[in-house]
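Questions regarding the structure given below will be posed in turn.
Read the figures in this text as sums done on the coordinates, not as results from a lab. Treat the numbers as computed from the prediction; the structure is a model and nothing was measured. Neighbour counts are summed over all protein chains in view; Cβ atoms, including those assigned to glycine, are modelled from backbone coordinates with ideal geometry.
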Amino acid sequence: MGQQQLLLVILVTILVGIATVVALNVFGTAAEDANRDAVRQDILQGASQAQAIHARPTALDGAGRDFTRIQDDGAGEGDDLITRLGMPVVFEHENCTDATGNYGNENGCYVVDVIDANSLRITGDPSSDPDNQIFAIVSRDVDTGSWEIGWDGSDPFASS
């Protein structure tokens, strides 16, 4: 082979290597984004059910317009708030530890905390990046009766 042909082979090899690295980075980022989107969808499912639970009387297994009335011992007995929210999770999922919450699915691990009578916080730890939590605060405005979801800790009723 001539010197020109060897240089061309080396150049093509370098270009293919660079293209491979770029492709792997793009696909890796897309997978993480898809996982975060799936966690957001799970949180939204719970947030939509929170509105119904809030309005339902306590005699019908609801909150009676006060989330603080719901007893949540985290024992996985089926009466925990997270299962009442209808989120697609199981107790003591294999990917979840006490540090990330006992409830989870293939998307991540979840915890629900009651903030006050009209608000609760749903936290999700994506399985692709457990250190990068996603959380939503689901709140009912007592003046207007409207529901808002504030993502990643933003106040849903703060003036813009």
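For the range 123-149 and the range 1-70, what is the separation of their C-alpha centers, rounded to whole Å?
17 Å
Using a 7 Å offset from the Cα along the Cα-to-Cβ direction at both Thr58 and Ile115, what is the distance between the two label points in nm, to one decimal?
It works out to 2.3 nm between the two label points.
Sticking with this one: With charges set only on the Cβ (+1 for Lys and Arg, -1 for Asp and Glu), what does the dipole of the chain come to about its Cα centre, in debye to the nearest 20?
So the dipole magnitude of the chain works out to roughly 540 debye.
Next question, about the same structure. Just going by the charge dipole of the range 3-151, with Lys and Arg at +1 and Asp and Glu at -1 on Cβ, which of Gly28, Thr13, Cys109 is farthest out on the positive end?
Ranked along the dipole, the leading option is Thr13.
With θ set to phi - 60°, apply the Karplus curve 6.51 cos²θ - 1.76 cosθ + 1.60 along the range 139-150 and write out the HN-Hα couplings as whole Hz, x wherever there is a Gly or Pro.
Computed from phi, the couplings for the range 139-150 are 9, 9, 6, 5, 6, 9, x, 7, 10, 9, 10, x Hz.
For every other residue with a beta carbon closer than 15 angstrom to the beta carbon of Thr29, add +1 if it is Lys or Arg and -1 if Asp or Glu, then tell me the sum.
-3
Just to be sure I understand: with springs between alpha-carbon atoms less than 10 Å apart, which residue in Gly104, Gly28, Gly124 has the highest mean-square fluctuation in the Gaussian network model of the chain?
Looking only at Gly104, Gly28, Gly124, the biggest GNM fluctuation is shown by Gly28.
Relative contact order for the range 3-151: what percent, with Cα pairs under 8 Å and sequence separation of 6 or more?
18 percent
I want to verify a result. In a Gaussian network model of the chain, Cα cutoff 10 Å, which of these has the top mean-square fluctuation: Asp143, Asp80, Asp116?
Of Asp143, Asp80, Asp116, the most mobile in the Gaussian network model is Asp143.
A further question follows. Based on the Cα atoms of the chain, what semi-axes does the equivalent ellipsoid have, where each is the square root of 5 times one gyration tensor eigenvalue, given in whole Å with the largest first?
Taking √(5λ) for each Cα gyration eigenvalue gives 47, 18, 10 Å.
Got a sec to turn the phi values of the range 112-124 into Karplus ³J(HN,Hα) couplings, 6.51 cos²θ - 1.76 cosθ + 1.60 with θ = phi - 60°, whole Hz, x for Gly and Pro?
Once θ is set to phi - 60°, the couplings for the range 112-124 become 10, 10, 7, 8, 7, 4, 10, 9, 9, 10, 10, 10, x Hz.
Once the Cα atoms of helix 3-55 and of the chain are each reduced to a long axis, what angle between those two axes, in degrees from 0 to 90 to the nearest 10, is obtained?
10 degrees
Run the quick spin-label model on Ile18 and Gln51: label points 7 Å from Cα toward the beta carbon, then report their separation in nm to one decimal.
5.1 nm
Got a sec? How would Glu106, Glu148 order by Cβ neighbour count within 10 Å, fewest to most?
By the 10 Å Cβ count, ascending: Glu106, Glu148.
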